[in-house]
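Heads up, the thing below is written out as structure tokens.
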Amino acid sequence: MNSASWRAALIGALVAAFATLPGLGTGTLWDNSETAYGEVAREILLTHDWVVMHLNGAPWYVQPPLYFWIAAFFGKLWGISEFTLRLPSALATIAMAAGVGYVVGRVASARAAILAATILSTALMQAVLGRLAIMDALLDLAVMLAILAWYVALRTGGDRWWYGGWFALGVGTLTKGPVAFALAVLVIAPWAVWTVRAGGRIVWPSASRWALGIGLFVALLAPWAIALERAAGPVAFGELVLHYTVGRYLGTIENQSGPIWYYVPVVILGLFPWFAFLVPAVMKAWRDATGPTREGDASGDASLARLALVWAIVPFVFFSFAKTKLPNYIALELPAFAILVALWFDRAVDRVDRRSALAWTAVVPVTICGIGFAIWAFSHDNKLIADLQQIRNDFLALGFVMLFGSLACFGLLLKRRLAWAAPFALATSGALVVLIIGVLGEPLVEPFKPIPPLARVIVERSRPGDTIAIQGVSGGNALVYYTHPPVATLDVPGDAAMTTATDPRRAICLPGRAFVITTKKRPKLDPTYGRARRVIATSNKDVLFLYDGPPCANEGSESFAPTHS
């Protein structure tokens, strides 16, 4: 069993590596999160401050430091780049596949373990998160390891699993704050209660093991927490815990809201191409969880079925009621979905259940239509319909790849001797879709990122003392990352909410020249403040102005009249 677990872990890691590493550094960073987090990591090396994180030259208390430490370390070794900033996520995704394969291999069959790791690695959202310079993959790894480690510890009483869970929680808390602890408890506590009520056996830790586990958790957090408190005081923890953790759940942060059913299309899209099998998988898991465990039937393990069901349902409900919503929040459930589908497939490919597998495999083309709906719903909500129209042929090509994979899966299930290979045929097509998106599709969307080419022009032409600013368009974080801090964010002239820091006159009139990225569509009030202004580059709907020449005119002069350049 132990060798089978290691074999499943190795296969899972290889599949995940195949889905995430090729073309990892292709394309510029995506705004807003990738560029913000990439810049925070870069400013560790610029400021030489590993305690207080900085963004655009100012202290930044939004997230804990672990992802940024790792990314900055890779950047110090090989230089800051898209590849080094995304590498922590890719490695975390690879480790997740290995972890799922290993633990499932200890509880269920070797085939179920390999399937679970393969399904997780080829799920669309899992592979995408492994290609992004954000901390979510690292958080998901830590939460998954804590849940699985405590699951094994409470079933077997193993000390190393118990302390491993606490260590993983420390890593998760250093990655994204108290939410890691909350999510692990939300899964493991209901599972333990359900197991006890169902007559199952739980090996509860002794008081000394609790104390040592909590001590390990505190020891991981204390050095950074103490150093941050000394450097920034309690305000840092107020921002991190109260505003950006509790406040993110109880209120809406940065207009990232959504309806209560927000995560339904996210799960459909994120679990692609395996979503078609989730319904029968949940039904089978429920029967296993509420019925007696069949002796010798590893795929019917009631304990693992209960864990996967709680893991799939409770966080989904928890995040559905949160005021702030983002698609990646639900990604920590992907290991549970993968386990559920793997346990179902492990039974379904056997002779007795192959008819059920054939029927549900025939549903895959329908789920492709569901994916189309999910993409439409997401793009409509984010006003991306016009952009998607320009690459619709590429989406059609991806749909044909998945259709071929589902047909191959169906055909293999018809052959008794080859039925075991059916889910792997679908996994292969899923991995190909991810690679096509990451390696070939990424260059197609570069024209939709106007800031990087404009930033390159600024870097080529700027001199010490020049001002860099952005006005009335998105992409401020990208401009900081692809130039250098500080970058000013300016309001449109006449904006009632304008402050001294966002007043365009102040930025444009500073000594030296001013590079300002703004929209091609100019407002009625469009002063130059007496300075010469000319267009030096355009990209998509954005334009780069250079202000230079004579100093600014005094207020009330004709220079403040609307001009058109």
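If you go through region 454-472 and keep only what is in contact with a strand residue (DSSP E or B) (Cβ under 8 Å, 6 or more places away or on another chain) and open to solvent by 40 Å² or more (accessible area, probe 1.4 Å), you end up with R461, G472. Here V203 qualifies as in a loop (DSSP other than H, G, I, E, B) and in contact with a helix residue (DSSP H, G or I) (Cβ under 9 Å, 6 or more places away or on another chain). Taking residues in region 223-239 that are over 15 Å from Q63 (Cα atoms) and assigned to a helix (DSSP H, G or I), and partners anywhere that are β-branched (V, I, T) and open to solvent by 30 Å² or more (accessible area, probe 1.4 Å), the pairs with Cβ atoms closer than 9 Å and at least 6 places apart or on different chains are A227/V51; R230/V51; A231/V51. Scanning region 62-80 finds no residues that are of a type in the set (S, T, Y), at pLDDT 95 or above and either closer than 23 Å to P452 by Cα or surrounded by fewer than 24 Cβ atoms within 10 Å (Cβ to Cβ) (or both). Among all residues of region 413-421, there is none that is closer than 13 Å to P273 by Cβ and part of a helix (DSSP H, G or I). Taking residues in region 306-335 that are touching a residue at least 40 places away in the same chain (Cβ under 8 Å), and partners anywhere that are polar (S, T, N, Q) and open to solvent by 10 Å² or more (accessible area, probe 1.4 Å), the pairs with Cβ atoms closer than 7 Å and at least 6 places apart or on different chains are K323/T252; K323/S257; T324/T252; T324/Q256; T324/S257; K325/Q256; K325/S257; L326/Q256.
Residue under question is A182, and the condition is that it be in contact with a Phe, Trp or Tyr (Cβ under 9 Å, 6 or more places away or on another chain) and over 29 Å from K323 (Cα atoms); does it hold? In short, no.
Taken together, the criteria exclude G164 from residues that are free of Cβ contacts under 8 Å to residues at least 60 places away in the same chain and at positive phi.
Against the conditions (1) of a type outside the set (V, I, T); (2) in contact with a His (Cβ under 6 Å, 6 or more places away or on another chain); (3) assigned to a loop (DSSP other than H, G, I, E, B), E43 satisfies every one except (3). The single condition among (1) open to solvent by less than 70 Å² (accessible area, probe 1.4 Å); (2) touching a Phe, Trp or Tyr at 6+ places or on another chain (Cβ under 8 Å); (3) not in a helix (DSSP H, G or I) that I260 does not satisfy is (1). Candidates T518, T502, T528: the one that is hydroxyl-bearing (S, T, Y), open to solvent by less than 70 Å² (accessible area, probe 1.4 Å) and within 17 Å of G57 (Cβ to Cβ) is T502. Quick one: would you say G158 is over 21 Å from the mean Cα position of the chain (by Cα), closer than 27 Å to V310 by Cα and in contact (Cβ under 8 Å) with a residue 12 or more places away in the chain? When the stated conditions are applied, G158 does not pass them. Residue selection: G494 satisfies the criterion of being open to solvent by 30 Å² or more (accessible area, probe 1.4 Å) and either within 22 Å of E39 (Cβ to Cβ) or of a type outside the set (S, T, N, Q) (or both). Residue count for region 206-230, restricted to those that are over 27 Å from P315 (Cβ atoms), among the hydrophobic types (A, V, I, L, M, F, W, C), touching a helix residue (DSSP H, G or I) at 6+ places or on another chain (Cβ under 8 Å) and open to solvent by 70 Å² or more (accessible area, probe 1.4 Å): 1.
Conditions (1) of a type in the set (F, W, Y); (2) at pLDDT 90 or above; (3) closer than 8 Å to T324 by Cα, marked per residue:
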position: A225; (1), (2), (3): no, yes, no
position: E229; (1), (2), (3): no, yes, no
position: G238; (1), (2), (3): no, no, no
position: H243; (1), (2), (3): no, no, no
position: V246; (1), (2), (3): no, no, no
position: T252; (1), (2), (3): no, no, yes
position: S257; (1), (2), (3): no, no, yes
position: I260; (1), (2), (3): no, yes, no
position: Y263; (1), (2), (3): yes, yes, no
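Of the residues P523, P464, P493, P485, the single one that is under 36 Å from the mean Cα position of the chain (by Cα) and in a loop (DSSP other than H, G, I, E, B) is P485.
Can you tell me how many residues within region 47-61 are in a loop (DSSP other than H, G, I, E, B) and either touching a residue at least 40 places away in the same chain (Cβ under 8 Å) or open to solvent by 10 Å² or more (accessible area, probe 1.4 Å) (or both)?
9
Listed by position, the helices (runs of 4 or more DSSP H) inside region 100-168 whose residues that are farther than 23 Å from P265 by Cα and either among the acidic types (D, E) or open to solvent by less than 10 Å² (accessible area, probe 1.4 Å) (or both) number at least 1 are 110-122, 136-156.
Just one of the listed residues (L309, L332) is farther than 12 Å from I147 by Cβ, assigned to a helix (DSSP H, G or I), at pLDDT 90 or above and open to solvent by less than 10 Å² (accessible area, probe 1.4 Å), and it is L309. Among the conditions (1) open to solvent by 20 Å² or more (accessible area, probe 1.4 Å); (2) touching a residue at least 40 places away in the same chain (Cβ under 8 Å); (3) part of a helix (DSSP H, G or I), the only one that S3 does not satisfy is (2).
Just one of the numbered conditions (1) in contact (Cβ under 8 Å) with a residue 12 or more places away in the chain; (2) open to solvent by 20 Å² or more (accessible area, probe 1.4 Å) is not true of T28: (2).
I'd like the full set of residues that are among the charged types (D, E, K, R) and either in contact with an Asp or Glu (Cβ under 9 Å, 6 or more places away or on another chain) or modelled with pLDDT of 85 or more (or both), limited to region 497-532. Hits for region 497-532 are D503, R505, R506, R513, K520, K521, R522, D526, R531.
Scanning region 526-551 for residues that are more than 36 Å from the chain's Cα centre (by Cα) and charged (D, E, K, R) returns D526, R531, R533, R534, D548.
The values are calculated or read from the model by the stated rules, or taken from the named source; none is laboratory data. None of these values were measured; they are calculated from a predicted model. A quick note on method: Cβ atoms are made from the backbone with ideal geometry, for glycine too, and the neighbour counts reach across all protein chains shown. For the accessible areas, the whole protein counts, side chains as well, though only heavy atoms, and no ligand, DNA or RNA atoms are used. Shrake-Rupley method; radii C 1.70, N 1.55, O 1.52, S 1.80 Å.
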